[in-house]
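What follows is a single structure, written as structure tokens, with notes after it.
The values are calculated or read from the model by the stated rules, or taken from the named source; none is laboratory data. Nothing here was measured: the structure is a model prediction, and the numbers come from that model. Cβ placement follows ideal geometry from the backbone for every residue including glycine, while neighbour counts extend to all protein chains displayed. Please note that ligands, DNA and RNA were not included when accessible areas were found on the heavy atoms of the full protein model with its side chains. Shrake-Rupley method; radii C 1.70, N 1.55, O 1.52, S 1.80 Å.
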Amino acid sequence: MSEAVGRPLRHDSAEGHVAGSALYVDDLPEAPGTLHLAFGLAADGHARLTGLDLAKVRAAPGVVAVFTAADIPGENNVGPVFHDDRLFAEDEILYPGQPLFVVAATSHRAARVAARLAKVETEPRPALVTIAQAQEVDSDFEEPQRMARGDAEAAITSAPHRLSGALAMGGQEHFYLEGQAALARPGEQGQVHVVSSTQHPSEIQHLIAVLLCLSSADVTVEVRRMGGGFGGKETQAAAYAAACALVAAKAGRPAKIRADRDDDMVMTGKRHDFTADYDVGFDGEGRIEGIRIALASRCGGTVDLSLAINDRAMFHADNCYYLPSVEIVSRRLKTHTVSNTAFRGFGGPQGMMAIERVMDAVAAHLGLDPLAVRQANLYGPGRDVTPYHQTVEDNVAPQIIAELAESAGYAARREAVAEFNAGHRILRKGLALTPVKFGISFTTTHLNQAGALVLVYADGSIHLNHGGTEMGQGLMIKVAQVVADVFAVPIESVKVSATRTDKVPNTSATAASSGTDLNAMAAKNAAETIKARLDAFAATERESAGWEFARLCREAHLARISLAATGFYATPKIEYDRKTHSGRPFLYFAYGAALSEVVVDTLTGEHRVVAVDIIHDVGRSLNPAIDLGQIEGGFIQGMGWLTIEELVFDDRGRLLTHAPSTYKIPTAGDRPPRMNIRLWARGENVEDTIHRSKAVGEPPLMLAISVFSALTQAVAAAAPGKGLPNLDAPATPERVLASIEELKAR
Amino acid sequence: MIRFLLDGEVIEVEDGDPTATLLDFLRYRLRRTGTKEGCAEGDCGACTVVLGERDGDGVEWRAVNACILFLPMLDGKALRTVESLSSGAALHPVQRAMADGHGSQCGFCTPGFVMSLYARSIGAAGTNDLSVKDVIAGNLCRCTGYGPILEAGEANPPEPADDRETAALLRAIEPGRAGPGWFAPRSSDELAALLVEHPEARIVAGATDVGLWVTKGLRDLGTIIFVGDIPDLKRIEEGPDGLTLGAGVRYTEAKEALARLHPDLGELVRRIGGLQVRNAGTIGGNIANGSPIGDMPPALIALGAELVLRRGGERRALPLEDFFISYGKQDRQAGEFVESVRIPRPAPDVRIRIVKLSKRFDSDISALCGAFALRVEGGRIAESRIAFGGMAGIPARAPACEAALTGEAWSEATFEAAAEALVKDYRPLSDLRGSAEYRLAAAANLIRGLGLEPESLFDV
């Protein structure tokens, strides 16, 4: 292994970030004549659109043009899989905040002012807002999906113990700090070049081509970096980029959009809200014999990625636990709210929350230590087949849990918590250790491929390009480390470049934690192709032993050897049959465990996380600094989801919490004062991944389930002997207090 | 003409829209794009810049949000942006620590954090008595989890800076003080006269609320009178009887004096907005805009604060609680302005507690805020003043609850009775910050809590 791989190198843009010189879409110099865009949004919810009078919009100062669905030459769609996501609403308004038209003006403010002047006539329709409302009228986007093994009903019935319960989980706003943004420039022969803040340039390229009746080769999409993505720029960036491309094509001028924060939050999808109902049979040690889990989610007005997201919720409703007889049923419900979308974990967190609640419920029912119940249910020899019939071959959860319980002093701290609770009148502490097992691979098998382009110049500098996008996760530096390693050159020799659809075609979204797994393999493949050529050339040159890399490149060039190569990677071993929900959707699993300690004020419901201990498995880390950053950031983001981040909709489906003044993500003050995060020292991927590393983007978010579980324990301690509280997420002070009151009243 | 100092150079801004923001000016006129827009409402800190005012031979610096700072508010001041910190390849130590310590991931919030930590490193306003986490509570990061940023802050403690050069340059700048559609008077007499002449004018102090009318409401504010540079509105007078704060005193500037009046007041101020908001917003502005939640008014009402209003040469005083008439309506006449607020010093036998409840501890607007001032004589509650924010359309006292306490013994039973009386005082609304049920239940529990030994989440 060279110097590059495994070192805690800084983010490749770290200096640009701190100096303010790293450029995001809105920072790029504007070409003369650039038009500024703003969407006109449907203010109210579900309705029939009967009239759209844009006269005042067109007449407003600075307005150059206004475009509606009628101006789209091709297909009016920005939906990724199902073609149900209109760029502009036509007859039916599906949710509040749906775009109706776009204004192009000489300034950002002029466009925003004008966009509010439309006269919109509608016939309001009843709005389905909640999961319960949608379930009532069976507004499923597809047949309820069923994943099963064994006879769950029989096993539940015959088990010594049985209980049932339910849990509701709220959604989550991505709150990437850089709002959605795009810039389109018209080219020759109708071609268009789009700079977008997106995780999925290829999809935007494809959608724009179809929207404008162009071929994919006519459209180039470029992204140097995003100011945060978290899944929120996988499909949700498309409307912004498409609007810019439309205006650029129609007006023949560059067109730029940057969403105001409130508009962004109203317009774009979020993490799915879920409900989970469970019915479980178990033995006296809490070991599950049979279980039925019914999941339902609010998908919003269009399908977007909801089917795959809900699939992933099912895939993670086992978490680390063997469920001998299991049935998981999942409903994907259409509602008249903004269309929910990918968000770090992609349904996995919600599925995992369900089974972790079951663990807490079983423990409370039997009066056992919840950790003991969790450990009793772990996958193990002879108990290693998932509900989707994949055999778990890399189970390290038992070791990680044991190590964490030992190093963080679980047993002693559990006693200390009990002592604390006995000694306090108002405050209650809670403690919980929860594990994570997260499946790595896109569950849509064909997405598991990547391409790269490596160019070596005659001076020995290396231009690296691949299909992955940088949203802060450190993908570019990790891939650069891998390439530097192949050539055995310093990391500084490898120049990271913008992701472009005209360099690497047909790429998958940078999503599913797979960015490094896929793109680093493709880049390694490309680099090794060139390296092999250089090695072969060097073998023919007697004096080459003493050559520096730059000299070797120059000599190779003079000898007419190609120093450019593409690389490709397709994940092996995976296959999945969605009809039966069985197969091997995942190449491997990433594991981790967290121990969280919380304290609750039982008078107000306020609470704090006081200490967190984490051990997380990233295999052999490509870059420990980047990986630790992902773990800490993911944990805090998950903690926010489960505690203070609350999306509030009114009865027409209008989002009331659409700005940071009303939607609260964690601040520095919410960071637990004690946080010990360790990479699992023995980590090594059993699969042949890039340098035996493991994906790290999403899994750590679910470590925060330990916070929710600890809060549940703290609430339970407010009324000992009353059983498990009915605490839903997010556990805002209001929900915690209500939960305490309900428990006391039992 | 507005003139301000940027990196040693005087920037002259020709007459234009007085509500044009500093952020847009930096990004789209000067092409200094390091300062970012994250929310355009002062809640994320991505646009943090540092603003300086001459103070003798030195400069008083403060971190503020550029997104809701109108250009005339820069008149005669010095500005530093993230680009000011690094010349060429040499990074400022704060930048170096952030970069080397993995303090950035996506990088978009990073310049704002750099500026907040930089402000602390030069001892800027409000940073001296705050921990690093409080200094950056007004900066949101969605990637890191804050650990490395806190470390970068700890590694760069405040050091005195020599600002004589900047002070000299500032001394040479002649502020414009007025332009088409705006005035920036330099005395309260001048302000009083202007308001008589332009009773319709909008008074703007820190623009932490009014700024959003422009960036979010896209409103035209008409004639504006900026009151941020009126020295005699910035007086802080501490005496044996109490504290008088001029209406132009910013939260940051009032914090220490308020904390000396009672520690809970200092703590309440710490939790209002981020530091950038407290460095701009004024207590007078918070009162005059009549927010139904009003971060400070419940506490001030419980303490018996009095407001002085002025129109022309006439002044009148009224109890703060009488200023708030109903939702969105205050007892302020055309041409009148809030000049000062006087807060009596609590007697030694008065027990005070101020509690703010919100979804997030820092930089959040309260779901409710309760303030309690109880005078205790020989084990009995001789006098009680209780006020809540978030429980009605205006910050208001709780007469039934007060009646249940006054004259009663200090006991759990007394507070239980008072807690139960609360339903007679308030019929709160349900909104995105909390349901009516939660507000009533939590408010009642706060009353119950008065009778118990306090236990704080933050002592654990």
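Here are the numbers:
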item	result
Per residue, in Å², the accessible surface of chain B once ligands and nucleic acids are set aside, probe 1.4 Å	36
Under 20 Å from the Cα of residue A:573 - aspartates and glutamates, other chains or at least 8 residues apart	A:311, A:384, A:393, A:394, A:517, A:684, A:687, A:688
Carbon/sulfur fraction of accessible area - chain A, other protein chains in place, 1.4 Å, %	51
Accessible area of segment A:1-158 divided out per residue, in Å², using a probe of 1.4 angstrom	44
Coordinate range along principal axes, alpha carbons of segment B:392-438, Å, largest first	38, 18, 13
Alpha-carbon centroid distance for the pair segment A:364-407 / segment A:49-98, whole angstrom	51
For segment B:176-276, convex hull volume per residue from C-alpha positions, Å³	122
Extension gain (nm, one decimal) between residue A:463 and residue A:678, 0.36 nm per residue minus Cα-Cα	74.0 nm
Estimated buried accessible area (total), pair B and A, 1.4 Å, Å² to nearest 100	6600
Two-decimal ratio, segment A:496-649, of alpha-carbon radius of gyration to 2.2 N^0.38 Å	1.62
Net charge dipole size for chain A [Lys, Arg +1 and Asp, Glu -1 on Cβ; Debye, nearest 20]	880
Candidates per GluC sites (Glu not before Pro) in segment B:121-204, loop by DSSP, up to 16 other Cβ within 10 Å	B:200
Proximal lysines to residue B:133, defined as alpha-carbon separation beneath 26 angstrom and excluding residues fewer than eight positions away on the same chain	A:429, A:664, B:36, B:255, B:356, B:359
In Å, descending, principal axis extents of the Cα set of the protein assembly as shown	95, 75, 66
Accessible area (Å², per residue) of segment A:540-630, counting only protein heavy atoms and a probe of 1.4 Å	40
For a label point 7 Å along the Cα-to-beta-carbon line of residue B:347, residues of segment B:218-258 with backbone N under 13 Å	none
Segment A:262-319 and segment B:1-71: distance between their alpha carbon centers, rounded to Å	46
Average projection area in nm² (convex hull over Cα atoms of segment A:420-464, one quarter of hull surface)	8.8
Å³ per residue enclosed by the Cα convex hull of segment A:673-746	149
Kirkwood Rh, angstrom, segment A:375-485 [1 / mean 1/r, Cα pairs]	19.5
Rounded D (µm²/s) - segment B:69-177, Kirkwood Rh over Cα pairs, Stokes-Einstein at 4 °C, 1.567 mPa s	86
Principal axis dimensions, segment B:208-358 - Cα atoms, whole angstrom, descending	50, 37, 32
Globularity ratio of chain B, using Cα Rg and 2.2 N^0.38 Å	1.00
Integer Hz, Karplus 6.51/-1.76/1.60 couplings in order for segment A:259-270, x for Gly and Pro	6, 4, 4, 5, 4, 4, 5, 6, 7, 9, x, 9
Taking the C-alpha atoms of segment A:279-392, convex hull volume expressed per residue in Å³	102
Long pairs among A:495/A:524; A:478/A:524; A:524/A:694; A:270/A:437, criterion Cα-Cα beyond 18 Å	A:270/A:437
Simple spin-label estimate for residue B:424 and residue A:535 in nanometres, 7 Å along Cα-Cβ	9.0
Calculated [θ] (222 nm, deg cm²/dmol) that DSSP helices of n ≥ 4 give over chain A, each run adding -39,500 (n - 2.57)	-9000 deg cm²/dmol
Percent RCO, i.e. relative contact order, over chain B, from Cα pairs under 8 Å lying at least 6 residues apart	12
Sparsely packed GluC sites (Glu not before Pro) within segment B:5-57, loop by DSSP, other Cβ within 10 Å at most 12	B:14
Positive dipole terminus of the protein assembly as shown, leading residue within B:454, B:302, A:197 (C-beta point charges)	A:197
Square roots of 5 times each gyration tensor eigenvalue, C-alpha, segment A:41-179, largest first, Å	44, 17, 15
Under 5 Å, built H, 5+ apart or other chain: amide partners of residue B:392	none
Carbon plus sulfur fraction of accessible area for chain B, probe 1.4 Å, in percent	50
Fraction of the pair-distance distribution of segment A:173-267 above 24 Å, Cα-Cα pairs, percent	16
Occluded residues from segment B:136-167, i.e. those whose accessible area drops by 40 Å² or more once the chain is not alone (1.4 Å probe)	B:140, B:142, B:143, B:145, B:146
Anchor residue A:56: lysines whose Cα lies under 28 Å away (excluding residues fewer than 8 positions away in-chain)	A:119, A:250, A:256, B:216
Estimated translational D of segment A:534-617 in µm²/s (Stokes, Kirkwood radius over Cα pairs; 37 °C; 0.692 mPa s)	165
Residue B:331 paired with residue A:158, simple spin-label distance in nm, labels 7 Å along Cα-to-beta-carbon	7.9
For residue B:334, net neighbour charge (Lys/Arg +1, Asp/Glu -1) across residues whose Cβ lies under 15 Å away	+1
Residues in segment A:1-21 occluded by at least 40 Å² - accessible area, probe radius 1.4 Å, against chain by itself	A:10, A:15, A:17, A:18, A:19, A:20
